[in-house]
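Visitor: Structure provided below as structure tokens; questions to follow.
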Amino acid sequence: GAVVSQHPSRVICKSGTSVKIECRSLDFQATTMFWYRQFPKKSLMLMATSNEGSKATYEQGVEKDKFLINHASLTLSTLTVTSAHPEDSSFYICSARDLAESSYNEQFFGPGTRLTVL
Amino acid sequence: AQSVTQLGSHVSVSEGALVLLRCNYSSSVPPYLFWYVQYPNQGLQLLLKYTSAATLVKGINGFEAEFKKSETSFHLTKPSAHMSDAAEYFCAVSDFGSGNTPLVFGKGTRLSVIA
């Protein structure tokens, strides 16, 4: 149980285009999902907290208009990188909390999406 | 605010040797603590978690960690390293709170296992 998927696993795009990354909780409901960015050989940087049916809460320094987050259902959150540029190239990871098992604040992580902007 | 310190960005051990990865947290109230492992180009997998039920926590793949309140530590150990243990390990902490409370991660420790 507690499986989180991400799609795509890898994407290469041209500078100026937009890229959408999906994060799905496959066997549980998640009112809260988190989006992280990870640079090579670095730790995870929290970008935003996504709550189903409401606006995402972004961390300081993260551009809301650049990284659009939508959490339309209890099993799906999407991150859209708008007008991507090479500096947006990174490994993006989502995580989700099980609505029924959130007492310990455990997060289940997706496998990540490698974004390369040419 | 919570913070996590992982001592040593890189630890190298011989196959069969003891693995010790250090983690210290900052909190006056015992939080929830987690160890995650990340293999190259993959997401994070939970190794174990401390939730105040027991101070010695056993996880997957033979790993365990001991919560020591007096030392504000939650070090990860494994008696005998395997080649397959080579990966990046992250310690994380979370306060009590709502489901919106995020995890705070340490900077990670890369474990290398030498044959």
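The values are calculated or read from the model by the stated rules, or taken from the named source; none is laboratory data. Quick caveat: nothing in here was measured; it's all calculated off a predicted structure. Every residue, glycine as well, gets a Cβ built from its backbone with ideal geometry; the counts of neighbours run over all protein chains shown. For accessibility, only protein heavy atoms count, side chains too; no ligands or nucleic acids. Shrake-Rupley method; radii C 1.70, N 1.55, O 1.52, S 1.80 Å.
Visitor: Give region A:28-56 a look and list any residue that's surrounded by fewer than 19 Cβ atoms within 10 Å (Cβ to Cβ), closer than 16 Å to A:S89 by Cβ and within 11 Å of another protein chain (Cβ to nearest Cβ), or say none.
Guide: Of everything in region A:28-56, those that are surrounded by fewer than 19 Cβ atoms within 10 Å (Cβ to Cβ), closer than 16 Å to A:S89 by Cβ and within 11 Å of another protein chain (Cβ to nearest Cβ) turn out to be A:P40, A:K41, A:K42, A:M45.
Visitor: For region B:60-83, give me each residue that is assigned to a loop (DSSP other than H, G, I, E, B) and open to solvent by 80 Å² or more (accessible area, probe 1.4 Å).
Guide: Result: B:P79, B:H82.
Visitor: Could you name every one of the strands (runs of 3 or more DSSP E) located completely within region A:63-118 that has at least 1 residues being charged (D, E, K, R) and at the interface with chain B (Cβ under 8 Å from one of its Cβ atoms)?
Guide: A:113-117
Visitor: Looking for something more than 30 Å from A:H7 (Cα to Cα), modelled with pLDDT of 90 or more and within 13 Å of chain A (Cβ to nearest Cβ) - is there at least one such residue anywhere in region B:53-76?
Guide: Yes: one or more hits.
Visitor: Scan region A:57-66 for residues that are farther than 21 Å from B:V104 by Cα and open to solvent by less than 50 Å² (accessible area, probe 1.4 Å) and report the count.
Guide: 1
Visitor: Looking only at region A:18-27, decide whether some residue is within 12 Å of chain B (Cβ to nearest Cβ) and in a loop (DSSP other than H, G, I, E, B).
Guide: The first filter runs over region A:18-27 and keeps only residues within 12 Å of chain B (Cβ to nearest Cβ), leaving A:23.
Narrowing the set further to residues that are in a loop (DSSP other than H, G, I, E, B) leaves none.
No, every residue in region A:18-27 fails to be within 12 Å of chain B (Cβ to nearest Cβ) and in a loop (DSSP other than H, G, I, E, B).
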